[in-house]
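Beneath this line is the structure, given in structure tokens, with notes to follow.
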Amino acid sequence: MRRRSLLLAAVPAGLVTLAGCGGSSGHSDAGASSSPSAPSAPPPPKIVDGPLPPITAGKRFGEKPTVAKGTGDPSKNLAVRTVIPGRGRAVAENDFVQANYLGQIWDTGKVFDNSYDRHAPLVMQLAQGSLIDGWRYGLTGKRTGSRVQIAVPPTWGYGKSGDPQAGIRGTDTLVFVVDLIDSFNSKSSARGRVVPQNDHALPRVGTNTDGAVPTVVVPHTAAPDKLVSAYVLEGDGPELKADQTVLCQFQGLVWDGGKTFQRTYGSGRLSQFSLSQMQQTVKGLAQGLTGKKVGSRVLVVVPPQLGYGDNPPSGGPIGKGATLVFTVDILAAM
């Protein structure tokens, strides 16, 4: 989309990053420039099944839809219709969803944004303050694999101020078509093919796929002096590019002693960070993930010169010159 703030708020909830690495959670460094909705949320809407303008072309799941202009007055309630029912997992509030979408204005039929042309589905959290409330209420309970059409009045969209940069007035009802591709929560994990771990000089990582913390056994040997990046579970998704943002489960340990300094597994959270920004924090982690496939669990061993070197975060177990060990479940990317 032209600006991530067309749907996403400033700080997606429930995310942690490695910016400080001093504890079990932190802030998101994948936020947007502004919030699309008012600071205080409106009351939950009444959900009705119409009216909704017809989809006239691109009617299959995954195809870019063409939607007719709205006729008559739109509902003052939230109109939601499952156009194509999916058979996947039901999405719950606070889950992350991966979706393609198209948005247009009811009165004019003007398309103000869509992800289909970019060939890049959006990954977002269905949480208050993370995206417009019309999506949060309209998509909760829907199954992955579904195509959902939503008409969002201003109350659960951009409010009375609208979004002038996108051409959205404060009186505009917005029509969205959303293809729900996948969903993720704090119990998600990579589900790739198990890759043999034959190098006994490297940490051995568990291959469980139940969302629990994978075991990591660090050998009592000298740490490698170069970056190591190896599959534990190899997924079949696209390879990560250096300019992408990744949604993941992860844990970080110190090689000497094997003490964990940060993790998302079991914390009720996921992590979302941009690889380009991670280059400024833990360069070796960004380099170790670039080129790896979505759906994979990756072991990354980061030598000091690509980690924190002689400037580790204060108050934690990471000392000067520490080698770091990460396991990362790559759930999605955008």
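Before moving on, here are some points about what is shown:
- Stretch gain in nm, segment K226-T171, where the contour uses 0.36 nm per residue and the Cα spacing is subtracted: 14.0 nm
- Residue among V111, G288, G316 farthest towards the positive dipole end of the chain, charges placed on Cβ: V111
- Gap separating the Cα centres of segment 279-304 and segment 96-116, nearest whole Å: 33
- Ranking of K226, K293, K64 by solvent-accessible surface, largest first: K226, K64, K293 (1.4 Å probe, protein heavy atoms only, all chains present).
- Convex hull (Cα only) mean projected area of the chain, reported in nm² to one decimal: 16.6
- Inter-part distance where segment 175-206 and segment 234-271 are each reduced to a Cα centre, Å: 10
- As a length-normalised measure over Cα pairs under 8 Å and 6 or more apart, the relative contact order of segment 179-289 settles at 27 percent.
- Solvent-accessible area assigned to carbon and sulfur over the chain amounts to 50 percent, based on a 1.4 Å probe.
- Counting only Cβ charges, +1 for Lys and Arg and -1 for Asp and Glu, the dipole size of segment 210-334 around its Cα centre is about 180 debye.
- Area projected by the alpha carbon convex hull of segment 53-209, averaged over all directions, nm²: 11.6
- With all pairs of different C-alpha atoms in the average, the Kirkwood value for the hydrodynamic radius of segment 191-334 is 15.1 Å.
- Evaluated at q = 0.19, 0.27, 0.30, 0.31 Å⁻¹, a Debye calculation over the C-alpha positions of segment 87-131 (equal weights, vacuum) places log10 I(q)/I(0) at -0.76, -0.98, -1.01, -1.03.
- Model label sites at K59 and K320, defined 7 Å from Cα along the beta-carbon direction, differ in position by 7.0 nm.
- Virtual spin-label span in nm between R87 and N198, 7 Å along Cα→Cβ: 3.9
- Accessible area (Å², per residue) of the chain, counting only protein heavy atoms and a probe of 1.4 Å: 43
- Take the Cβ atoms of D117 and K160, set R0 to 35 Å, and the FRET efficiency comes out at 0.70.
- Furthest towards positive pole of dipole, A223, L247, Y265, structure part segment 222-272, Cβ charges: Y265
The values are calculated or read from the model by the stated rules, or taken from the named source; none is laboratory data. Predicted, not measured: the structure shown is a model, and the values here were computed from it. FYI the Cβ positions are ideal-geometry reconstructions off the backbone, even for glycines, and counts take in every protein chain you see. Heavy atoms of the whole protein, side chains included, go into the accessibility calculation; ligands, DNA and RNA do not. Shrake-Rupley method; radii C 1.70, N 1.55, O 1.52, S 1.80 Å.
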